[in-house]
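Notes follow the structure.
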Amino acid sequence: MVTVDAMDSYSHTVSSVAAAVTPHVASLRIGPGAGSAVVFADDGLLLTNAHVVGAAHDGVAAFTDGTESRFDVVGVDPLSDLAVLRARGTTPAAAELGDADELVVGQLVVAIGSPLGLAGSVTAGVVSGLGRSLPVRSGRAMRVIEDVIQTDAALNPGNSGGALADAAAKVVGINTAVAGFGLGMAVPVNATTRRIIGALLADGRVRRGYLGLVGVPAPLPTPVAQRTGQASGLRLVEVIPGSPADRAGLRAGDLVLSAGRRPVTDAQGIQRQLFSDAIGIRLPITVLRNGAMVDVITVPTELVAT
């Protein structure tokens, strides 16, 4: 049974997070569409979803204190569903970014955005799942956003690009999708996100290496786990014909243990190594195949979204 004291404590936490984060969340008017964005740097930089921006070059950001500012689109990365905007006028100070890698299932989270055009709307819930996958497409290029946060905090159209914050009022995710049946998804704010932001600020886009494989986390056999000190790897379920992974000899069914001599426990373990500095560079991958460890040398090519 939930006690009054417990409910009061919960309400106090949610209202405190809302008060701290809401001023940093903007309602966007961009072309015929709308969405939300989060101020993440004190020089007027905002973070939102790529699908909110679309092909637009500018728009208007409105804040709950009544101020508005036109903004320009600095860079868009459809394959992470992230975009960076720069306000032309004054904006509130930056929200504090957290680290989604520290989240645990069941943890309280608060979603803040402008669903259905209702600016400053607040919903609360818990982290329903971690490490989810969200397929995204840019032209013919297909990628899976890994480590997506699943939450039961209510999300509706217009929430996209808004903040998902933890109980310490740190932004740990950018709300990105309504999965239906009371579930929503958010792109995590972590080291990979910060690297994407840096690339968008520097070049307006993110160059990525491409291997052409699809995998799912899988437990390692006990003897291998004891020998390697890791509990899981990445089971390859598909290797794209003609891709760098295919040319290197990787096969569906291989269990990836490491890439670049670093342990791999999920797809993010490989994807975080496939930024611009990996293109054309030898990337050793160790897999478990038919009970034996096999070393394969791959050479990522540039992922071209066409």
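The values are calculated or read from the model by the stated rules, or taken from the named source; none is laboratory data. Just so you know, these numbers come straight off a predicted model, no measurement behind them. Note: ideal-geometry Cβ built from the backbone for every residue, glycine included; neighbour counts use all protein chains shown.
If we scan region 176-184, do we find a residue that is modelled with pLDDT of 90 or more, outside any strand (DSSP E or B) and out of contact with any Phe, Trp or Tyr (no Cβ under 7 Å at 6 or more places or on another chain)? No, region 176-184 contains no residue that is modelled with pLDDT of 90 or more, outside any strand (DSSP E or B) and out of contact with any Phe, Trp or Tyr (no Cβ under 7 Å at 6 or more places or on another chain). Inside region 33-50, can you point out the residues that are touching a Gly at 6+ places or on another chain (Cβ under 9 Å) and surrounded by fewer than 18 Cβ atoms within 10 Å (Cβ to Cβ)? The answer is Gly33, and nothing else. Considering only region 58-93, how many residues are in a loop (DSSP other than H, G, I, E, B), surrounded by fewer than 21 Cβ atoms within 10 Å (Cβ to Cβ) and not hydrophobic (A, V, I, L, M, F, W, C)? Total meeting the criteria: 8.
Beta carbons closer than 9 Å, at least 6 apart along the sequence or on distinct chains, pair a first residue in region 239-259 that is touching a residue at least 40 places away in the same chain (Cβ under 8 Å) with a second that is charged (D, E, K, R) and in a strand (DSSP E or B) for Asp254/Arg235; Asp254/Arg289; Val256/Arg235.
Residues are listed down the side, and each one gets a yes or a no for (1) part of a loop (DSSP other than H, G, I, E, B); (2) at pLDDT 90 or above:
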site: Leu201; (1), (2): no, yes
site: Val224; (1), (2): no, yes
site: Gln230; (1), (2): yes, yes
site: Leu236; (1), (2): no, yes
site: Gly253; (1), (2): yes, yes
site: Ile285; (1), (2): no, yes
site: Ile297; (1), (2): no, yes
site: Thr306; (1), (2): yes, no
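Where residues in region 226-237 are closer than 16 Å to Val296 by Cβ and out of contact with any Ser or Thr (no Cβ under 8 Å at 6 or more places or on another chain), which of them is surrounded by the most Cβ atoms within 10 Å (Cβ to Cβ)? Here the residue is Leu236.
State whether one or more residues within region 52-62 are in the same structural domain as Thr22 (by TED's automatic domain parsing) and touching a helix residue (DSSP H, G or I) at 6+ places or on another chain (Cβ under 6 Å). Within region 52-62 (the criterion being in the same structural domain as Thr22 (by TED's automatic domain parsing) and touching a helix residue (DSSP H, G or I) at 6+ places or on another chain (Cβ under 6 Å)), the answer is no, since none of the residues qualifies. Consider Ser276 carefully, then state whether it is under 18 Å from Asp147 (Cα atoms), surrounded by fewer than 19 Cβ atoms within 10 Å (Cβ to Cβ) and not assigned by TED's automatic domain parsing to the domain that holds Val148. Criteria not met by Ser276.
Taking every residue in region 284-306 that is of a type in the set (Gly, Ala, Ser) and pairing it with any residue that is assigned to a strand (DSSP E or B) and at pLDDT below 95, at least 6 positions away or on another chain, the pairs with Cβ-Cβ distances below 7 Å are Ala305/Ser138; Ala305/Ala141. Restricting the search to region 206-225, which residues are crowded, with 16+ Cβ neighbours inside 10 Å and among the hydroxyl-bearing types (Ser, Thr, Tyr)? If the condition is that a residue be crowded, with 16+ Cβ neighbours inside 10 Å and among the hydroxyl-bearing types (Ser, Thr, Tyr), then Tyr210 is the only one that fits.
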